[in-house]
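A short reminder: the numbers here are calculations on the coordinates, not readings from a lab. From a predicted model like this one, the values you see are computed outputs, not experimental measurements. Using ideal geometry, Cβ is built from the backbone for each residue, glycine included, and neighbour counts are taken over all protein chains shown.
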Amino acid sequence: MNLIASFQVDHTKIVPGIYESRVDEIDGGFATTFDIRMKTPNKEPAIHPNAMHTIEHVVATFLRNDEEWKDRIVYWGPMGCLTGCYLIVKGRPKAQELQPLLLRAFEHMAGYEGEVPGATPLNCGNYLLHDLPMAKWEAARYAEILKTRACYEYPVAERLVTKDGTFYDS
């Protein structure tokens, strides 16, 4: 099998930021997947599953209610490695165009008070797996990164093609 695009990113060099992960053409339109990287992989501790679950609920609710973007949001959810999330949007916006939206979303998360949206047995498959204080801390940290030093260009692993196949240097 071919190595998928997200595994061709050099995870020893990636830093927090907003990255275009892939663009898919669907029925004459586009869907763009963004890597919303909140942590430096393999160097910083991953986001705790309870905090990530809370970030998923609160930020998804925010994004799907944002007046400017709500009709373009397709999906928001955590990466399996717990170092960030994926955001899929309709169209082909640039990563930098999402910075104001994501800054608003993470500032909202950082200041969020009250019940986590959808965190009930009726609405969620694991409603007890939440940690609002830690989610707020992670969100405030990422919002500061978005304000001061977000990166938008993936470091790509080098490919070595030989008669035996393709190898990646990450």
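The mean sequence separation of alpha-carbon pairs under 8 Å and at least six residues apart, normalised by the residue count of segment 5-154, gives a relative contact order of 31 percent.
Name the shape class, rounded, prolate or oblate, that the alpha-carbon gyration tensor gives for the chain, where a ≥ b ≥ c are the square roots of its eigenvalues, rounded holds for a/c under 1.5, and otherwise prolate holds if a/b is larger than b/c and oblate otherwise.
On the way: a/c = 1.77, a/b = 1.51, b/c = 1.18.
It comes out prolate by the Cα gyration axes.
For the chain, the mean residue ellipticity at 222 nm estimated from helices alone is -9500 deg cm²/dmol, where every DSSP H run of n ≥ 4 contributes -39500 (n - 2.57) and the total is divided by all residues, rounded to the nearest 500.
A Förster distance of 41 Å, applied to the separation of the beta-carbon atoms of TYR127 and ASP10, puts the FRET efficiency at 0.65. The lysine pair count for the chain, using Cα distances under 25 Å and pairs eight or more places apart or on different chains, is 16. Go ahead and collect, in residue order, the members of segment 76-110 whose backbone nitrogen is under 14 Å from a label point 7 Å along the Cα-Cβ direction of THR40. Nothing falls inside the zone, counting backbone N under 14 Å. Taking Cα atoms only, the orientation of helix 132-148 departs from the longest principal axis of the chain by about 50 degrees.
Taking the C-alpha atoms only, the angle from helix 49-63 to the longest principal axis of the chain is near 80 degrees.
With a/c under 1.5 counting as rounded, go ahead and sort segment 22-115 into rounded, prolate or oblate using the C-alpha gyration tensor (a ≥ b ≥ c being the square roots of the eigenvalues; past the cut-off, prolate if a/b is larger than b/c, else oblate). The shape class here is oblate. Rounded to the nearest 10 degrees, the angle from helix 95-110 to the longest Cα principal axis of the chain is 30 degrees.
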